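Here the structure comes first, spelled out in structure tokens, and everything after it is commentary.
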Amino acid sequence: MSHSFSNSDLEAFLDEALPTERMAAIEDALRNDGELQKRITAVNGRRDAGVHSLGEIWRRHRLSCPSREQIGSYLLGVLSDGEIDYIKFHIESIGCRYCAASITDLKAHQSAPETEVTHRRQKYFQSSVGHLRKK
Ligand SMILES: [Zn+2]
């Protein structure tokens, strides 16, 4: 998948100098393609510091934040490798502060034993089913 974009495409992406469609295609590919994530990080690393940071561009678009559910699953270790790579890339390479904050927050909630959380969820589910049936 990553072969469909050249390094100059990635450069242009960082400069936001591509047609909208192409920008979107690269952003989309970046979500699922670990190789492409590494390449764009490398391309960005070779650029003059301070001109553009990858994180800056990323934040400007705000397209790529995983959902809170995804982050929760990431912390529980129940995501596929691709998704794990993406979230790591998003948080470690992009340095997304929003998601870093979500992780800190979710970690605090997830410190309860998992069985207890599941139990609580079941109870909630049962009571809402009961509630619906009464109607
Ligand atoms: Zn984020």
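The values are calculated or read from the model by the stated rules, or taken from the named source; none is laboratory data. Remember, it's a predicted structure, so these values are computed and weren't measured experimentally. Backbone-built Cβ (ideal geometry, glycine too); neighbour counts: all protein chains shown. Areas reflect the complete protein model, heavy atoms only, side chains present, ligands, DNA and RNA absent. Shrake-Rupley method; radii C 1.70, N 1.55, O 1.52, S 1.80 Å.
Looking at segment 9-23, which of the residues that are open to solvent by 50 Å² or more (accessible area, probe 1.4 Å) and not acidic (D, E) is modelled with the highest pLDDT?
So in segment 9-23, the residues open to solvent by 50 Å² or more (accessible area, probe 1.4 Å) come out as 11, 15-17, 19-22.
Right, trim to not acidic (D, E) and you get 17, 19-20, 22.
Working: A17: 82, P19: 88, T20: 86, R22: 91.
Here the answer is R22.
Counting only residues that are more than 16 Å from the chain's Cα centre (by Cα) and modelled with pLDDT of 90 or more, how many does segment 24-44 have?
Taking segment 24-44 and keeping what is more than 16 Å from the chain's Cα centre (by Cα), we get 25, 39, 42-44.
Next, only the ones that are modelled with pLDDT of 90 or more stay: 25, 39.
Qualifying residue count for the region: 2.
Mind checking which pairs have a first residue in segment 84-97 that is without any contact (Cβ under 8 Å) to a residue 24 or more places away in the chain and a second that is part of a loop (DSSP other than H, G, I, E, B) and within 11 Å of the ligand (Cβ to nearest atom), Cβ under 7 Å, 6 or more apart or different chains?
Final answer for the pair search is I87/P66.
Can you pull out every residue in segment 89-128 that is surrounded by 14 or more Cβ atoms within 10 Å (Cβ to Cβ), modelled with pLDDT of 90 or more and of a type in the set (S, T, Y)?
Selection gives S102 alone.
Does Y86 satisfy the condition of being modelled with pLDDT under 90, open to solvent by less than 50 Å² (accessible area, probe 1.4 Å) and part of a helix (DSSP H, G or I)?
The answer is yes for Y86.
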